[in-house]
1. Answer with yes or no whether Tyr250 is more than 21 Å from Val284 (Cα to Cα) and either touching a Phe, Trp or Tyr at 6+ places or on another chain (Cβ under 6 Å) or open to solvent by less than 50 Å² (accessible area, probe 1.4 Å) (or both).
2. Restricting attention to strands (runs of 3 or more DSSP E) lying wholly within region 227-287, give those where 2 or more residues are more than 30 Å from Ile202 (Cβ to Cβ).
3. Give region 45-54 a look and list any residue that's surrounded by 14 or more Cβ atoms within 10 Å (Cβ to Cβ) and assigned to a helix (DSSP H, G or I), or say none.
4. If you check Asp277 against the conditions, is it modelled with pLDDT of 95 or more, over 15 Å from Ile186 (Cβ atoms) and either open to solvent by less than 50 Å² (accessible area, probe 1.4 Å) or in contact with an Asp or Glu (Cβ under 8 Å, 6 or more places away or on another chain) (or both)?
5. What single numbered condition from (1) over 23 Å from Ala166 (Cβ atoms); (2) open to solvent by 40 Å² or more (accessible area, probe 1.4 Å) fails to hold for Leu42?
6. Report yes if Asn240 is within 30 Å of Lys66 (Cβ to Cβ) and either more than 17 Å from the chain's Cα centre (by Cα) or buried (at least 20 other Cβ atoms within 10 Å of the Cβ) (or both), otherwise no.
7. Looking at (1) closer than 27 Å to Ile273 by Cα; (2) acidic (Asp, Glu); (3) at pLDDT 95 or above, which is the only condition Glu108 fails?
8. Among the listed residues Ala89, Ala135, which satisfies the condition of being open to solvent by less than 50 Å² (accessible area, probe 1.4 Å) and either within 28 Å of Leu232 (Cα to Cα) or at pLDDT below 95 (or both)?
Amino acid sequence: MKIRDYRAYFIQELTPVYDAGEAESFFYLLLENQKQLKRIDLALAPELIFSDAELLRWNAHLEQLKAEIPIQYIIGSTSFYGMDFTVNANVLIPRPETEELVEWIIKENAATENANELKILDIGTGSGCIAIALAKNLPKALVFALDVSEKALAIAENNALKNNVAVTFLQQNILETADLLQPFDIIISNPPYIRNLEKQEIKKNVLEHEPHLALFVADDDALVFYKKIALLAIKNGTANGQLFFEINQYLGPETVALLEKLDFKNIQLRKDIYGNDRMIRAEVPNR
C-alpha cells in the first residue's frame, strides 16, 4: 500500500477521536520514528509503500491511538528542553509547563553556577527530565534526584546515560524521609498535586494511561507533598537556599500561604504559558 494512501486512511480513522491536525501530526511522528522519514521525504517520493508487515504494525498503533494511549508511549520517547527522553507508562510525560520551571531555575542560577559548585536535588524525578535538563545546562552542579518508584528510576537512569549527564539517583519515599543527610542549594519538586475532585477535568489519555502515583493526592490533604518538602528544605537547605515547586493551578494562593507560614522568604508565584498559576520560587528561612 502506498504510504500516502495509508496516511489518508490513518487520519480518517482517527478524526472521531482527535482533530485532523492532531491525527496528521501523529502520522508523521510515527513515520519518522519507524521509517526515519519526514514529511518532505514523503512529498518527494509519493510512490513509497508500506510492506504487509509494516501495515500490520501501523494498524496496531492506530488501534492504540483510538484507545487514546499517548503517542509518546507508543513511540517510546518525547522531547524535553531540547533533549530526547525515553518514556513509558511508568513515568509521566514531561510537559511544556515544566520546561518553563527548568528555564526559571537555569536563569536564576547560571551566573552563580559558574562560580560555585551547586548542589541540586530533584524530588519525585519520574523520567528524570528536570534533573537531567539542569545537569546538562548547569554542568558544574552536583545533581541528585529521588523517586519512590524503582521502575521510574530505571527510566531516569537510562535517560541520564542517553543525554550524557551525571545524576545521582536514589529510591526514596519523600513522605517517610526524616532527613536528606546533606545540604542542598536548590531543591525542586513537581510532586503529585491533582485532587481527586479534579479528575473530571483530566483527559482520558492521561487519566487512563499515565501513572496515578505521580498525579493524584487526597482532596483533604492536597498540599501534603509541599509541606513535607518545605520542611525538609528548612532542615537541609543551605543559607539562602532556593526551593522551586510546580503547583496545582487552583492552589497557588494556598501554596504561597503554606510557605509564608513556614517563614520562607522572597516567595514568587508565576503563571505558565497558558496563564495558570504553575510555579513557585522561595528562599529558605534563616535558622
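1. Numbers: more than 21 Å from Val284 (Cα to Cα): yes; either touching a Phe, Trp or Tyr at 6+ places or on another chain (Cβ under 6 Å) or open to solvent by less than 50 Å² (accessible area, probe 1.4 Å) (or both): no.
No: the conditions fail for Tyr250.
2. On the way: elements: 237-246, 265-271, 277-283.
Fully inside region 227-287 and qualifying: 237-246, 265-271.
3. Glu54
4. Spelling it out, Asp277 is indeed modelled with pLDDT of 95 or more, over 15 Å from Ile186 (Cβ atoms) and either open to solvent by less than 50 Å² (accessible area, probe 1.4 Å) or in contact with an Asp or Glu (Cβ under 8 Å, 6 or more places away or on another chain) (or both).
5. Leu42 satisfies all of (1) over 23 Å from Ala166 (Cβ atoms); (2) open to solvent by 40 Å² or more (accessible area, probe 1.4 Å) except (2).
6. Numbers: within 30 Å of Lys66 (Cβ to Cβ): no; either more than 17 Å from the chain's Cα centre (by Cα) or buried (at least 20 other Cβ atoms within 10 Å of the Cβ) (or both): yes.
It is false that Asn240 is within 30 Å of Lys66 (Cβ to Cβ) and either more than 17 Å from the chain's Cα centre (by Cα) or buried (at least 20 other Cβ atoms within 10 Å of the Cβ) (or both).
7. That leaves (3) as the condition not met.
8. The match here is Ala135.
The values are calculated or read from the model by the stated rules, or taken from the named source; none is laboratory data. What you see is a predicted model, and the numbers here were worked out from it, not measured in a lab. Glycine also receives a Cβ, built like all others from the backbone with ideal geometry; neighbour counts cover every protein chain displayed. With ligands, DNA and RNA removed, areas are computed over all heavy atoms of the protein, side chains included. Shrake-Rupley method; radii C 1.70, N 1.55, O 1.52, S 1.80 Å.
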